[in-house]
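To keep things clear, I will list the structure first and then write my remarks on it.
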Amino acid sequence: MCPAHTGADPHASASHRHTGSDPAGAHAASQDDSWQKVKEAGVLRVGTSADYPPFEYYNDQFKLDGFDVALIDAIGEKLGVKVDLNDFAFDGLPTAVAIGQADVAIAALSVTPDRQAIADFSNVYYVGDDAVLSRPEADPEKIKDAAALANVRLGVQTLSCTRLTPRRN
């Protein structure tokens, strides 16, 4: 579940949380060899969802581009590994990391308690505000509170934090 939405949307990258029989996960974390595997392969397999410009998108040359793409490329360079970016549906990113199709995910992921239960997150590297896009004839100035949205058709991204905001209000 996403935290109560305040308009600020903190983004971080995520990697699989290794858990074992010990609740704190300390024993499992000490046996985690995922970084060793990345170093040996020389490749960091990264899942993203290229439908969220300016964070990740396909540019005019049909190559992945954007803020998160540039960030993970810089991280890969700093770590001395090649970055292999793969495009997934946003709602498939947690599964891709959990089953080993990707070592990490970067896709303007908001840090939430539910996501923290299954993945480890980097430090938050971007905090932004959400907005609403509407057709001009919809007269967005009429929307003064959540109740005004009761009879409005809304579109939101599956498994995004903002998908819950209208229902909470």
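Nothing in this text is a laboratory measurement; each read-out follows from the coordinates by a stated rule. What you are looking at is a predicted structure, and each value in this text was computed from that prediction instead of being measured. All Cβ positions, glycine included, derive from the backbone under ideal geometry; neighbour counts span all protein chains shown.
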Residue ID - farthest from residue 101 (Cα to Cα), chosen from residues in region 37-66 that are in contact with a Leu (Cβ under 9 Å, 6 or more places away or on another chain) and in a helix (DSSP H, G or I): 39
Residues satisfying the stated conditions in region 67-82, i.e. in a helix (DSSP H, G or I) and of a type outside the set (Gly, Ala, Ser): 67, 68, 69, 71, 72, 73, 75, 77, 78, 79
Within region 83-99, tally of residues that are part of a loop (DSSP other than H, G, I, E, B) and touching a residue at least 40 places away in the same chain (Cβ under 8 Å): 2
Matching option when the condition is under 12 Å from the mean Cα position of the chain (by Cα) and not polar (S, T, N, Q), among 117, 74, 89: 89
Which numbered condition residue 82 misses (of (1) closer than 30 Å to residue 154 by Cα; (2) touching a helix residue (DSSP H, G or I) at 6+ places or on another chain (Cβ under 9 Å)): (1)
Scan of region 109-133 for residues that are surrounded by fewer than 18 Cβ atoms within 10 Å (Cβ to Cβ) and either among the hydrophobic types (A, V, I, L, M, F, W, C) or assigned to a loop (DSSP other than H, G, I, E, B) (or both), ordered by number: 112, 117, 118, 122, 123, 124, 125, 127, 130, 131, 132, 133
